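Since the structure comes first, as structure tokens, the remarks are kept for the end.
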Amino acid sequence: MVYLLDPSNWEWLITGRNARFILEGFLVNVQLALIAMVFSLIFGLGLALLRLSKWRAVVVVTGLWIDLWRNLPLILVILYFAIAMPESWRDAYSSAAPGFLPDVLQRGRVFAALLALVLYNSAVLAEIMRAGIQSLDRGQGEAATALGLTYAQRMRLVILPQGLRRMVPATISQLITLNKDTTLVSIIGIQEVMRQGRILTSNNFFGGVQAPLLHVLLFIGALFIVTNLLLSRLSRRLEIREQQRTGTTLEPVRGLEDQVRTVQAN
Amino acid sequence: MSALLDVLTENLDEFGGGLWVTLRLVLGAFVIAIVVGTMVAALRIAPSVWLRRLGGIYVESFRNIPLLVLLTMAYAGLRRAGVPIDQWTAGIGALGLYTAAYVAEVLRSGVFAVSKGQIEASLSLGFGYAETLRRIVLPQAFRTVIPPLGSIVIAMIKNSAIIGVSLIALNDVLKSARLVQAETFKTEEAFLWAAVGYLLLTVTATVGFRFLERRLAISR
């Protein structure tokens with residue numbers, strides 16, 4: 001405790017550009033998380049809709065695909081793509097990556113990380129979205145059909161607005177997990193916050209003050225706690241706003257366990 | 001197909017050893033997660049505001065810090081600080097304490113699912129706070145939380161792959177696969193068998209928890 005709180009061990013934080021150096025690394029994580037989030041949400045919704053398709057073969061194949069990626073350890077997938085991804089894919093990524101991204105994120109191996117993050121998270125999100133859609137009363141879809149709406153109209157106007165609202169809490173907690181998982185890309189050599197932290201502690205970097213590893217890691221951890229708490233606050237805000245607007249308490253889809261149980265109960 | 005099997009049979013020692021290491025890591029972390037998670041859940045529902053806050057701080061910190069950061073703290077961080085911790089303790093401890101935060105949250109919601117009448121009945125029978133918790137509330141809470149506990153354990157098995165990556169001496173399933181890959185250059189085969197190893201563990205956990213659920217289910 002004395003060691004942790006000793007002010008001389010925290011001196012690195014205010015010397016030179018040390019704090020800025022860590023924050024720059026953290027910005028890479030945040031951007032990586034944002035890109036992966038956008039693609040995971042889009043592909044997750046697509047997978048969820050396919051999973052609820054009326055063709056049995058599509059349902060089975062999508063189900064297998066989702067279960068495959070959901071059940072593998074993410075780090076295994078990241079490492080596999082980092083080793084096995086063909087050179088041409090990486091080159092295609094680096095030439096296609098938009099110029100506003102930082103240089104670190106334009107490197108070819110980022111594609112391996114992004115692909116793994118999106119495959120894993122879109123599978124998890126697809127199951128959450130499916131649960132949200134399936135938790136709706138069947139009458140909603142039937143009424144929409146009876147009113148003569150097409151499949152696309154039914155989804156866009158009736159099913160998705162209600163179903164997606166119910167899955168906000170579960171989706172946000174998955175996005176928090178995604179945010180934390182971006183640190184795993186340090187293992188395949190992408191220069192993000194963990195690597196910046198290691199550089200800072202490995203020698204007398206800016207300012208000439210040796211930064212103790214434990215303290216640097218605590219600072220990095222605090223950055224994650226703050227961003228993740230902001231995300232969960234956002235989730236609660238959305239819930240409360242929804243309650244005030246509709247005057248009803250939302251019955252959120254918390255996790256897949258709830259879904260399993262209701263299915264068994266029926 | 002036989003090439004695929006050959007990679008397994010020729011490196012059976014590596015893969016088997018990896019499975020054994022992962023199994024020990026997971027079992028150790030599970031014990032810590034349940035013990036610490038129960039204590040934190042007890043804090044979260046304690047009658048004192050300060051104790052509840054303490055539990056809240058534990059949950060929010062361990063749930064929101066990436067596991068890789070915790071693992072690096074637990075081994076490299078503590079070593080640099082002069083604490084002679086070994087890699088097993090660091091790996092099991094970090095994974096266990098991380099998972100404990102999730103266990104605590106699930107247990108807390110399970111405790112709230114126990115009806116208030118049970119607690120009132122127990123208190124009126126003369127049981128103290130600790131005894132009510134231990135004899136009346138927790139046994140019932142544990143039962144209702146078995147399905148979500150199962151998915152936490154499965155997530156923990158998958159998360160254990162991060163230990164082998166960040167701590168050098170622990171050759172778990174993923175690390176063994178990487179060693180085999182580096183030796184034989186059979187990338188697809190090595191990673192496929194690692195995936196099978198993890199699936200073996202997660203499927204066993206799923207079946208085990210489903211069995212527990214059926215055995216202990218309370219009909220309401």
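Restricting the range A:1-57 to residues that are charged (D, E, K, R) and touching a residue at least 12 places away in the same chain (Cβ under 8 Å) leaves a set whose member that is farthest from residue A:200 (Cα to Cα) is A:51.
Just one of B:98, B:75 is open to solvent by less than 30 Å² (accessible area, probe 1.4 Å) and within 12 Å of chain A (Cβ to nearest Cβ); which is it?
Values: B:75 fails: open to solvent by less than 30 Å² (accessible area, probe 1.4 Å).
Step by step, each of B:98, B:75 is checked, and only B:98 is open to solvent by less than 30 Å² (accessible area, probe 1.4 Å) and within 12 Å of chain A (Cβ to nearest Cβ).
So which of B:44, B:53 ends up being touching a residue at least 24 places away in the same chain (Cβ under 8 Å), away from chain A (no Cβ under 14 Å) and of a type in the set (D, E, K, R)? Don't jump to the end; show me each part of the working.
Values: B:53 fails: touching a residue at least 24 places away in the same chain (Cβ under 8 Å).
Exactly one residue qualifies, and that residue is B:44.
Taken residue by residue, the range B:203-216 has no member that is assigned to a loop (DSSP other than H, G, I, E, B) and either closer than 28 Å to residue B:88 by Cα or away from chain A (no Cβ under 11 Å) (or both).
From the list A:149, A:214, A:223, which one is modelled with pLDDT of 90 or more and either within 11 Å of chain B (Cβ to nearest Cβ) or not in a helix (DSSP H, G or I) (or both)?
A:223
The selection criterion, being surrounded by fewer than 16 Cβ atoms within 10 Å (Cβ to Cβ) and at pLDDT 95 or above, does not hold for residue B:49. For the range B:137-154, the tally of residues that are within 9 Å of chain A (Cβ to nearest Cβ) and more than 30 Å from residue B:122 (Cα to Cα) stands at 2. Scanning the range B:142-173 for residues that are not in a helix (DSSP H, G or I) and not hydrophobic (A, V, I, L, M, F, W, C) turns up B:160, B:171, B:172.
The set of residues in the range B:167-202 being open to solvent by less than 50 Å² (accessible area, probe 1.4 Å), facing chain A (nearest Cβ under 10 Å) and over 25 Å from the mean Cα position of the chain (by Cα) consists of B:181, B:187, B:190.
The number of residues in the range A:67-102 that are assigned to a loop (DSSP other than H, G, I, E, B), away from chain B (no Cβ under 14 Å) and open to solvent by 30 Å² or more (accessible area, probe 1.4 Å) comes to 4. For the range A:30-43, does any single residue satisfy the condition of being open to solvent by 70 Å² or more (accessible area, probe 1.4 Å), more than 25 Å from residue A:173 (Cβ to Cβ) and part of a helix (DSSP H, G or I)? No, that holds for no residue.
The values are calculated or read from the model by the stated rules, or taken from the named source; none is laboratory data. What you see is a predicted model, and the numbers here were worked out from it, not measured in a lab. Here Cβ is always computed from backbone atoms with ideal geometry, including for glycine, and neighbour counts include all displayed protein chains. What goes into the accessible areas is simple: the full protein's heavy atoms, side chains included, and nothing from ligands, DNA or RNA. Shrake-Rupley method; radii C 1.70, N 1.55, O 1.52, S 1.80 Å.
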